[in-house]
Amino acid sequence: MDEGSDFNLPRLYLALERRFGPSTGIIDDWKQSFCFPLLLKVEPSNSSIAYALSIQNVRSDLDDYQGSFHLWVDSNALAFGCYRGRFYDAQAQSAAEFDNWKRDIPAGKLPAPERMDLQRRSVKLGPPPNSPG
């Protein structure tokens, strides 16, 4: 996979800065490097609801997380998430392998460690595997 396709803090920062402008200077520079405060306005029929949203990095926010979640990117056969505090991401080699992961990973049956990149904090995106006809 291409090293340039990592999705990590530098890329996240750049994507946010390009979309929303510079980061605010109101941060704890010991624990944070950026903060993008946003106002999100949702306008369902005949009303308007405003939400304050802050996108920021904070050191150690996830270090004690012991929960589980699993997400899938079908176009790249990418699985990522956390199982009982163990962060992972991986890209399946085939559509069949990806389908098996969707079934097995939520049940706690993680692929072999060499197939999963456990504890990595960035996601590498590569070309999608050949999908069935």
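Is it the case that residue 9 is at pLDDT below 80, under 28 Å from residue 92 (Cα atoms) and touching a Phe, Trp or Tyr at 6+ places or on another chain (Cβ under 9 Å)? Criteria met by residue 9.
If you scan segment 27-45, which residues turn out to be among the β-branched types (Val, Ile, Thr) and either part of a helix (DSSP H, G or I) or closer than 13 Å to residue 58 by Cα (or both)? Explain how you work it out, then say what you get.
Initially, segment 27-45 is screened for residues among the β-branched types (Val, Ile, Thr), giving 27, 42.
Hit for segment 27-45 is 27, nothing else.
Scanning segment 23-39 for residues that are surrounded by fewer than 11 Cβ atoms within 10 Å (Cβ to Cβ), within 17 Å of residue 53 (Cβ to Cβ) and not β-branched (Val, Ile, Thr) yields a single hit, 39.
Taken as a whole, the condition of being surrounded by fewer than 14 Cβ atoms within 10 Å (Cβ to Cβ) and in contact (Cβ under 8 Å) with a residue 24 or more places away in the chain does not apply to residue 42.
The values are calculated or read from the model by the stated rules, or taken from the named source; none is laboratory data. It should be emphasised that the depicted structure is a prediction, and the values quoted were computed from it without experimental measurement. Neighbour counts are summed over all protein chains in view; Cβ atoms, including those assigned to glycine, are modelled from backbone coordinates with ideal geometry.
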